[in-house]
1. Checking the structure you have, find out if any residue of segment 94-101 is open to solvent by 70 Å² or more (accessible area, probe 1.4 Å), at pLDDT below 75 and within 30 Å of residue 216 (Cα to Cα).
2. What number goes with the only condition from (1) within 23 Å of residue 328 (Cβ to Cβ); (2) open to solvent by less than 60 Å² (accessible area, probe 1.4 Å) that residue 384 does not pass?
3. Can you work out which of the residues in segment 352-367 that are surrounded by fewer than 18 Cβ atoms within 10 Å (Cβ to Cβ) and under 18 Å from residue 413 (Cβ atoms) is modelled with the highest pLDDT?
4. How about segment 399-421: which of its residues are in contact (Cβ under 8 Å) with a residue 40 or more places away in the chain, among the charged types (D, E, K, R) and assigned to a helix (DSSP H, G or I)?
5. Examine segment 142-153 for a residue that is modelled with pLDDT under 75, part of a helix (DSSP H, G or I), open to solvent by 10 Å² or more (accessible area, probe 1.4 Å) and under 30 Å from residue 264 (Cα atoms), and state whether such a residue exists.
6. Of the residues that sit in segment 222-234 and are of a type in the set (A, V, I, L, M) and in a loop (DSSP other than H, G, I, E, B), which one is surrounded by the fewest Cβ atoms within 10 Å (Cβ to Cβ)?
7. Given the conditions (1) modelled with pLDDT under 80; (2) among the acidic types (Asp, Glu); (3) within 39 Å of the chain's Cα centre (by Cα), and given that residue 420 satisfies all but one, which numbered condition is not satisfied?
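The values are calculated or read from the model by the stated rules, or taken from the named source; none is laboratory data. None of these values were measured; they are calculated from a predicted model. Virtual Cβ from ideal backbone geometry, glycine too; neighbours counted across all protein chains shown. Ligands, DNA and RNA are stripped out before the accessible areas are found, and what is left, the full protein with its side chains, is counted by its heavy atoms. Shrake-Rupley method; radii C 1.70, N 1.55, O 1.52, S 1.80 Å.
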Amino acid sequence: GVVVAGVLQSSSALTVATIGFVNAGILSLRNALWVIFGSNVGTTMTAWIVAVVGFDFKIEAFALPLLGMGMLVSLTGPAGRRGALGRAIAGFGVFFLGLATLKETFGGLGQAIDVTGISTGGVLEDAILVGAGLLLTTLIQSSSAVIAVALTAATGGLLTIEAGAALVIGANVGTTTTAALAVIGATSNAKRVAVSHVVFNVLTAGVALALLPLLVQTVEALEKTLHLSDNPATTLALFHTVFNVLGVILIWPLVPRLEHWLSGRFVTREEDEARPRFLDRTALEIPAMAVRSMMLELERLAAMAVEIARAGFSKDPPPLDSLLRRQDAMERLGAAIGDYARALHAARLTPEVAAAMAHPFRAMWHFSEIAEHGISAAGRQHEIASLPEPYRGRMAAFGAEVTGVLDRFLASVQKGETYEPPTDVRREAYQDLKSELLTGASTGTLTTEALSSALETLDDLHMTLRAVTRASRRLTGIAEVARPTDPPTTD
């Protein structure tokens, strides 16, 4: 976080990228938190560039050459890494050119404006400046630009050190608005990352504002100890770094609690379903009890698969995004069941329990098949609805029969019984309907596109029936081990 934000000169860009990584499942919530915290420290590099380069050297002497060189490099390979490097170099050139303009402008204002009436001694006035920094950053979506303005204004005599520090604090808080905008419509984890960014920046800002006079004095003393150049820009750059590092130190011991608190926020239905409810690690000491716990989770998984398939086979299926989120929840719950099954397999098992350990994985595979066929069919329901009669009616009738099979299968799962679809549904009805569709295509009643959609949907329905049969047999194998043994009776 520190390094990338320092190179990009934008903690906001890194925050948005981090939210995207969390959205895609590339970064975990905890790792994303630390990237966000580090980015706040890395973005302080902007202030140091302004302080060290912007006022000790003639910026114009290398700003335009950087701009020209960057564009030249970019033009020689615009689509590859060379193009990206060129644009980065040109970006620094434009950045330095902007600093030169700010320096000249604020230097002139400092001589033209009487600042004797400006006072920042009160907490209220500091809070107003914090609000100004927040508002400016929100409007232009760049804390780096606002901090550059604060440093150049302080150097030009328009702001005192304490006023500039308050403006820097506000700019730091303002970066959270970018994250808030980036998570509109994002996943729950992405929203949690955005909230962590707000929590960190607001906590850091609150502490810095409460201790502002003391913090400024500490920074000035540290500046003398490190023998840094005595100018307002350097003081504010050091202040920016110190208060962000202080924020990381303050948040460090709170990260586990913050992560736990965030995990309970923005919980969606899918996330709730994906969390195991019966897998107790202490039950691993008693294999039969552990198998029973696993069986209860498999029943939940079966219900999720059936619900997805029923929705996919309906005439008016929900949006594919909704079904895919449910499928993702299934996969996460399945992964938890698989981990539990592997942990159980490592324990001392009776021959019966050991023999049954292959069933959960095969059952989960068949559940995935059921859900997958439902999602596949959902994408073609509008084409099935446009089939001419009587094909549309026959397809709807076969779909309703399969849906009934799914309902009876789920009921049998909850009772611990084996259920197999009737033979005529699995073979005769399927073959009869398939023959009708092929005949319709041969006589010109059905187009090639309509035939293709109908046959693919018919195969999804038929394969669902086969997956139901196999899943039911696997669950029966597990249930026999999980079923409690009746105690012996005595006369």
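1. yes
2. The failed condition is (1).
3. The selected residue is 365.
4. The answer is 407, and nothing else.
5. Checked against the condition, which is being modelled with pLDDT under 75, part of a helix (DSSP H, G or I), open to solvent by 10 Å² or more (accessible area, probe 1.4 Å) and under 30 Å from residue 264 (Cα atoms), segment 142-153 yields no hits at all.
6. Taking the candidates together, the pick is 226.
7. Unmet for residue 420, out of (1) modelled with pLDDT under 80; (2) among the acidic types (Asp, Glu); (3) within 39 Å of the chain's Cα centre (by Cα): (3).
Quick grid of which residues meet (1) open to solvent by less than 30 Å² (accessible area, probe 1.4 Å); (2) modelled with pLDDT of 85 or more; (3) out of contact with any Asp or Glu (no Cβ under 7 Å at 6 or more places or on another chain):
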| site | (1), (2), (3) |
| --- | --- |
| 285 | no, no, yes |
| 289 | no, no, yes |
| 298 | yes, yes, yes |
| 304 | yes, yes, no |
| 308 | yes, yes, yes |
| 321 | no, no, yes |
| 336 | yes, yes, yes |
